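Here is the structure we will look at, set down as structure tokens.
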Amino acid sequence: GQSLEQPSEVTAVEGAIVQINCTYQTSGFYGLSWYQQHDGGAPTFLSYNALDGLEETGRFSSFLSRSDSYGYLLLQELQMKDSASYFCAVRDQTGRRALTFGSGTRLQVQP
Amino acid sequence: DGGITQSPKYLFRKEGQNVTLSCEQNLNHDAMYWYRQDPGQGLRLIYYSQIVNDFQKGDIAEGYSVSREKKESFPLTVTSAQKNPTAFYLCASSATDTEAFFGQGTRLTVV
């Protein structure tokens with residue numbers, strides 16, 4: 001089966017940089033995605049990495065190392081509105097086209 | 001506006017009742033998914049469908065049923081066989097394997 005591990009909680013101050021790590025175990029890996037979810041809301045897509053390296057989208061960047069089965073989400077210039085839960089997700093094994101999610105990292109941004 | 005609509009937002013179920021959660025999308029996506037989220041947890045896959053009139057079980061399908069008679073609609077029925085149905089239910093759709101779009105969720109409570 002698939003499993004993903006990420007820290008349960010991270011705290012940082014406004015304006016700082018924070019990194020949220022994700023390690024995964026899966027067969028037939030196709031890519032690593034990141035989603036943001038505010039309390040009571042819907043998850044929203046942030047980024048996707050299929051190949052090794054860094055993908056940058058504004059203040060958010062995502063990194064993947066396929067050889068290490070590891071990725072991270074980097075949030076820069078933190079704002080209060082970034083306080084949310086962040087989930088990594090992988091495409092399931094061959095033949096099962098659905099995302100498997102990690103348990104999520106709750107980010108608290110303090111003033 | 002294109003998107004995914006889930007209804008109702010809140011739903012209360014008595015013991016032994018079946019209830020149906022609605023999910024409609026106008027994004028013209030082939031794939032649709034149902035996830036369950038418990039407090040402080042990640043998303044767990046209940047059922048998914050890649051095409052009309054076809055669907056597959058996810059990791060926690062017991063006590064749930066779905067249908068996919070139209071491309072736009074993917075209703076989820078929570079049956080009386082589901083012993084612990086209180087949770088936040090999220091419907092999603094996608095056109096690719098990299099990005100899923102989520103509805104605003106239905107919060108189901110057993111009373």
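Here the Kirkwood formula, the inverse mean of 1/r across different C-alpha pairs, assigns the stretch A:22-77 a hydrodynamic radius of 12.0 Å. Using only side-chain charges placed at the Cβ, +1 for Lys and Arg and -1 for Asp and Glu, the dipole size of the protein assembly as shown relative to its Cα centre rounds to 720 debye. Charge dipole of chain A (Cα centre as origin; +1 on each Lys and Arg Cβ, -1 on each Asp and Glu Cβ, all else neutral): 360 debye, rounded to the nearest 20.
Placing unit charges on each Cβ (+1 for Lys and Arg, -1 for Asp and Glu) gives the stretch A:40-111 a dipole about its Cα centre, and among A:50, A:108, A:89 the Cα reaching farthest toward its positive end belongs to A:89.
Computed on the Cα atoms alone, the convex hull of chain A gives a volume of 92 cubic angstrom per residue. When each of B:108, A:64 is scored by the number of other beta-carbon atoms lying within 10 Å, the sequence from fewest to most is B:108, A:64.
Each other residue within a Cβ distance under 11 Å of residue A:84 adds +1 if Lys or Arg and -1 if Asp or Glu, for a net charge of 0. The aspartates and glutamates within cross-link reach of residue B:71, meaning a Cα-to-Cα straight distance under 16 Å and a gap of 8 or more places when in the same chain, are B:24, B:30, B:54. Radius of gyration over Kirkwood radius for the protein assembly as shown, both on Cα atoms: the Rg/Rh ratio is 0.97.
Laboratory data are not the source of any read-out in this text; all were calculated from the coordinates shown. Just so it is clear, the structure is predicted and the values come from calculations on it, not from any experiment. Don't worry about glycine lacking a Cβ; one is built from the backbone with ideal geometry, like all the others, and counts go over all protein chains shown.
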